[in-house]
Structure formats: structure tokens, C-alpha cells
Amino acid sequence: MNDYLLSLVLGIIEGLTEYLPVSSTAHLRIFEALFRHGILSDPYWKMYTIVIQLGAILCLPIYFRSRIAKFLSTFPAGEQGDRNVLTHPLGLTAIAFVVTAVPAFLLTKVIGKNLESLYVMGGSLLVGGIVMWIVDAINALAEAAGPEAPPSRVHTWKMEAMSLGQAIWIGACQILSAVFPGTSRSMSTIAAGQLAGMSRASALEFSFFLSIPTMVVATGYDLFKSLRGKGENPIGVSQIDAHGWALLTIGFVVSFIVAYGSVAWFMAYVRRRGFAPFAVYRIIMGVLVLAFAAKLFG
């Protein structure tokens, strides 16, 4: 596989899996193990995966531009005038981010070790799939009845109605996705939201909003270290030739386009059918990854 085709394929994988609850990190590592062993340990390609992730991130503020504009215009009181700095959707997003960011930063070394383990990724895919399936099934009847039905375990149908406790809980659960690659940021935050009484749509939307600061800070910090020639896999800007810039451009653009389409499709699909198909996919992939890891490492 030549470098241009490789860049195209990696951009598609990143764009498809970044926001679906199946873990982009796990899929990139699985691809590496199957087709180009060791490529993601190479300084350039490690930096490349950060750049294409930024491409996927960019699609969110563009896709949700009208919602973001609405939240900014109503901050901090909210549309109904019943919110404050801490309970407005933007404030809740910031709080959930802080709850995730501090422990994740302190656990950087643990996270780095787990990124190299197919066993951790396979187990996280499997366990996360089972959890997602169970949680979605628990909420299925309430989802089918809708917000007009008598009170049920689903009581938060819009992101604007979220509570401070729900935001803190979701931020805490997102830590699992940082510590255990394969868990998936979206899976952990969506399942956490559903457990806290949020509908599929509201949990999914908050998951997307929370991923914006989380991913911008995490990937931006990694990219800064890499391009400044610091960290474990440094590569300075001066070391990137025309060929390298072309590969980065291809991956960034492809990741953005595919991620945008993936988000649009996912939002519509979940409202109609839920998360069970993704849970089944995770379980199957988890079993296959564990079997592959056992065969590879004995």
C-alpha cells in the first residue's frame, strides 16, 4: 500500500469511527496490526494521526453552528431564563470537560501504556459493547413512549434541560475512555447520559459538544509537543517535506468530510433505532481483537 492510499484509508477510518461509539483509536491500531505493523510508532505517522483527528474535530463546530450560536446568544440565563453560568449548556460542557481533563492528565503514563495493548482495546470494545446494549435496552420502552408519556426513567429530553449532576457524572465516565483505549469517548459519555436519565438524542448531542473541548485540548497539546520537537515521538515542522505535507492534507480533508457525513447520519439514525447495532459490532470486534492478540502474542 503506497503512502497516498494509506493516507486516504487512515483518513476514512478516523472520520468514520471518531464519533461513532466504536473507538477510532482501536480501529487505527487494529489497522496498524493487520497491514502496517509499527507505523503508528513512527514519529511522522504518529503526528499524522493527530492532524487527521483535528480534521474530524473541525466538523463539529460547523455541523452544530446554529446550536452553538443559539447557546452563545442565550448565555448564561438560557432561553427560559432559568439557567446560570454553571447550569447553562455551555457551562455544563465546560464542567464536564474539567472533570475529565484533570484525572486524565494525571494518568498520562497509564494511558500511554494501554495504547500499546491489543488486549486492553479488545477487552474495552467487548465490555463497552455489553454495557451499551444493556443501557440502551433499559431505556428502550421510555424512548418509544416519548416525552409526552407519563414520567419514566428518561426525564431529560433536551440538552438544555440537563442538570449539573448529570454533567459531572458524564465527565467522570469519560475518563474511562482515556484510560482504556477501545472504550470510546462517545460510548462512555452516551451510556453515562442514558444511565443518568437522558434520552438517546440529548445524550448523543452532549457527547458531541463535550468532545469539542476534550479533543481540541488533547490533540492540540500532543501536536504542539510533536511539532516543537518534544515528547516521546518528536518531529519538527522543518522535517516535513512536500510529500509529507501532501499526505497530511489528504488525511485531514478526508477525515473532515467523512466525519461530517458520519455525524449527520448518526444523529438521524439514533433517533429512530438506538445504539444496539453498534453494541453488537463492538462485541464482535472485541472478541476478534482478543483472539487476534492471543494468536499474535501467544
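Odds and ends about this structure:
- Being of a type in the set (S, T, N, Q), surrounded by fewer than 14 Cβ atoms within 10 Å (Cβ to Cβ) and without any contact (Cβ under 8 Å) to a residue 60 or more places away in the chain is a property that holds for SER66.
- Top-ranked residue in the stretch 155-181 [being among the β-branched types (Val, Ile, Thr) and part of a helix (DSSP H, G or I); ranked as farthest from the chain's Cα centre (by Cα)]: ILE168
- Answer residue from the stretch 9-27, given it is under 22 Å from ARG200 (Cβ atoms) and of a type in the set (S, T, N, Q) and is surrounded by the most Cβ atoms within 10 Å (Cβ to Cβ) among those: SER23
- In the stretch 194-226, residue surrounded by the fewest Cβ atoms within 10 Å (Cβ to Cβ) [restricted to those that are out of contact with any strand residue (DSSP E or B) (no Cβ under 7 Å at 6 or more places or on another chain) and among the polar types (S, T, N, Q)]: THR219
- THR87 falls short of the stated requirement of being under 13 Å from LEU176 (Cα atoms) and surrounded by fewer than 20 Cβ atoms within 10 Å (Cβ to Cβ).
- For beta carbons closer than 8 Å, sequence separation of 6+ or different chains, a first residue in the stretch 169-182 that is among the β-branched types (Val, Ile, Thr) and a second that is assigned to a loop (DSSP other than H, G, I, E, B) and surrounded by fewer than 23 Cβ atoms within 10 Å (Cβ to Cβ), the qualifying pairs are ILE170/ALA196; ILE175/LEU107; VAL179/LEU107.
- Unique residue being out of contact with any Cys (no Cβ under 8 Å at 6 or more places or on another chain), in contact (Cβ under 8 Å) with a residue 40 or more places away in the chain and within 23 Å of LEU20 (Cβ to Cβ) when the list is ALA201, ALA191, ALA161: ALA201
- Test: residue in the stretch 87-105 that is over 19 Å from the mean Cα position of the chain (by Cα), part of a loop (DSSP other than H, G, I, E, B) and at pLDDT 95 or above: yes
- For SER124, the conditions (1) surrounded by 21 or more Cβ atoms within 10 Å (Cβ to Cβ); (2) not in a helix (DSSP H, G or I) are fulfilled apart from (2).
- Among (1) hydrophobic (A, V, I, L, M, F, W, C); (2) surrounded by 13 or more Cβ atoms within 10 Å (Cβ to Cβ); (3) farther than 24 Å from PRO89 by Cα; (4) at pLDDT 90 or above - the single one PHE275 does not satisfy: (3)
- Exactly one residue out of GLY112, GLY91, GLY128, GLY123 is closer than 30 Å to GLU160 by Cα and either charged (D, E, K, R) or in contact (Cβ under 8 Å) with a residue 60 or more places away in the chain (or both): that is GLY128.
- Residue within the stretch 138-151 that is closer than 25 Å to THR214 by Cβ and in contact (Cβ under 8 Å) with a residue 40 or more places away in the chain present: yes
- In the stretch 33-86, the qualifying residues are those that are in a loop (DSSP other than H, G, I, E, B) and of a type in the set (S, T, N, Q), and the one that is farthest from the chain's Cα centre (by Cα) is GLN80.
- Filter result for GLY112 (under 20 Å from the mean Cα position of the chain (by Cα), crowded, with 20+ Cβ neighbours inside 10 Å and not in a loop (DSSP other than H, G, I, E, B)): no
- For the stretch 30-49, a tally of residues being in contact with a helix residue (DSSP H, G or I) (Cβ under 7 Å, 6 or more places away or on another chain), of a type outside the set (A, V, I, L, M), surrounded by fewer than 22 Cβ atoms within 10 Å (Cβ to Cβ) and in contact (Cβ under 8 Å) with a residue 40 or more places away in the chain returns 2.
The values are calculated or read from the model by the stated rules, or taken from the named source; none is laboratory data. In this text the structure is predicted, and so the values were computed from the model without any measurement. Counting neighbours? That spans all protein chains shown, and the Cβs are built from the backbone with ideal geometry, glycine included.
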